[in-house]
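Read the structure below first, then the notes.
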Amino acid sequence: MRAHSWFVEHREDFATGSLERGEMVVFREHLTRCEECRDATAELEHQLRWLPLGVTPVAPPPGLTRRLAAGVLDRRRTMPRWVLPTALAASAVIAAGIWTQERRAVRALAAEVDDLRRTLVSRDARLAATLDTLSSIRQANRVLQTRLAIPGVEANVVVFEQESRNQWTVVVHGLPPAPAGQRYALWFMCEKGMRQGAALPSGSGSVVLVIAKPTDLGAVLSASVTQESEAMTNGMPLSKREIGALTL
Amino acid sequence: MYPQATTSIVTGNRLTLSAAREGDLRARLCARDQQALVELIELTTPWLLGLVHGMLQDHDESEDVLLDTFRQVWDKIDPAGPTGLLPLVFRIARNKAIDRLRRRKRRTALAARWRASAVPEELMTFPETIATPHPGWQVQTQVREALGALPEEQRAVVHLAYYQGMTHGDIAAELALPLGTVKTRLRLAYTKLRASLASLREWVA
């Protein structure tokens, strides 16, 4: 069968809407190019134009005429009837999903708020300590400073002595990490002996310590910053090397 | 505010719509006369509902098809259209209903419905017309006379193909007939119907 013969044979099927969907599309496309088939199908449609009236007319439900007129004249596109319930169902599913996600988000936010609260409390404490330190520094009646003898490193210690409180505010700056098995420490040299005041933490920035002066060994004469072994015997390190001295 | 429903196109018991009146309706539609749209809806809706609902078996979907049909007519009405206005409306609505049928694969459901019913008896008879004659009822009478003049086996395939929107393949499967037989019966039936309905040139009472 020639290609056009197929269209000729199926003109009536097209005119009466009996073709499959795909065939209908092909036929419509053919009609745009074939005047003969276009005229022939138009004639068939015309001859059968009253065939739809073989049905029984159905009384329209109340208000249908008005709904149809409104639907045509209202240029806003009305939704097909299935759209609204489908949209509502989809909205419910989405809302449930959002609700679940929101609950998770709220929980995450609550945890974050707790973290922030803890951070703020911690920072408040640090701020209070800093203010206290600044107050101590401001009220200091003596300031001592020494450069630490560590090769290749610019490190120093500054001491603000507050006699009324009998304490030292010690600022350590630029102290490198201690070698393995070693640590840094500050020792008080008193009239009746020596006592370790505090271990000095290392770090790239400044570290502030508040150390109470010993009161049971007589007057403090000086202080010494040491690099010493962590291992101890009889309360004293096995080895010790002075890297800085503070003389009152 | 939309135009109110009217019966102005139907005068008394004459129930006529001559070619002149139809031409006037088309001209007013082209002039965007909203009252003409209401008249067209009133005039054709009972027939369209009967046609479309018979195919789709769904009230809501049928109303959607009618709305799409009237929108297309309103948007694309051509003052020099080649065919009559009312047949054009019927054809648009029927094509839209068929498109929906093809899309939703309703053929299966239709076949099930037909299987569940007494097929031969149902195919041989048409429901009675509504008690109050509607414009077009005399045309309906002639169409049914033409259908009634067909042999039973031809009327059955026309009913399934034209009024139920089934494809040839569906009909062959439903009636357990070879596809060629279905096509032959339809071809013979449509040839006779074309001859019978050729004289219906106007919609007049």
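Taking only Cα atoms, what is the 0 to 90° angle, nearest 10, from helix A:83-138's long axis to the longest principal axis of chain A?
It is inclined by approximately 10 degrees.
Relative to the longest principal axis of the C-alpha atoms of chain A, give the angle of the C-alpha long axis of helix A:64-73, reported between 0 and 90° and rounded to the nearest 10°.
The two axes meet at around 70 degrees.
Defining a contact as two alpha carbons under 8 Å apart and six or more residues distant in sequence, what relative contact order in percent does chain A show?
11 percent
Hey, which lysines would be in cross-link range of residue A:213, C-alpha to C-alpha under 16 Å, not counting anything within fewer than 8 residues on its own chain?
A:192
Enter the angle in degrees (range 0 to 90, nearest 10) between the Cα long axis of helix A:21-31 and the first principal axis of the Cα atoms of chain A, meaning the one along which they spread out most.
With both axes taken from Cα atoms, the answer is about 70 degrees.
May I ask you to list the GluC sites (Glu not before Pro) in segment A:92-177 that are in a DSSP loop and have at most 14 other Cβ atoms within 10 Å of their Cβ?
Passing both the DSSP loop test and the Cβ count: A:154.
Which FRET efficiency value, to the nearest 0.05, do you get for residue A:216 and residue A:119 by plugging their Cβ-Cβ distance into 1/(1 + (r/R0)^6) with R0 = 35 Å? Each step should come with its number before you reach the end.
Details: r = 40 Å, r/R0 = 1.15.
The pair residue A:216/residue A:119 has a calculated efficiency of 0.30.
Only Cα pairs under 8 Å and at least 6 apart count here; give the relative contact order of segment B:155-198 as a rounded whole percent.
Details: 21 pairs, mean separation 15.2, N = 44.
Across segment B:155-198, relative contact order equals 35 percent.
Below 18 Å, Cα to Cα, which lysines can residue B:96 reach? Residues fewer than 8 away in the same chain don't count.
B:76, B:105
Cα to Cα, under 16 Å, and not fewer than 8 places away if on the same chain: which lysines meet these conditions relative to residue B:183?
Output for residue B:183: B:192.
Please list, by residue number, every one of the trypsin sites (Lys or Arg not before Pro) in segment A:156-248 that is coil in DSSP and has at most 15 other beta-carbon atoms within 10 Å.
Answer by residue number: A:192.
Read-outs throughout are calculated quantities, based only on the coordinates presented, and are distinct from any laboratory measurement. Since the structure is predicted, the reported quantities are computational estimates derived from the model, not experimental observations. Cβ sites come from the backbone with ideal geometry, for glycine too, and all protein chains shown count toward neighbours.
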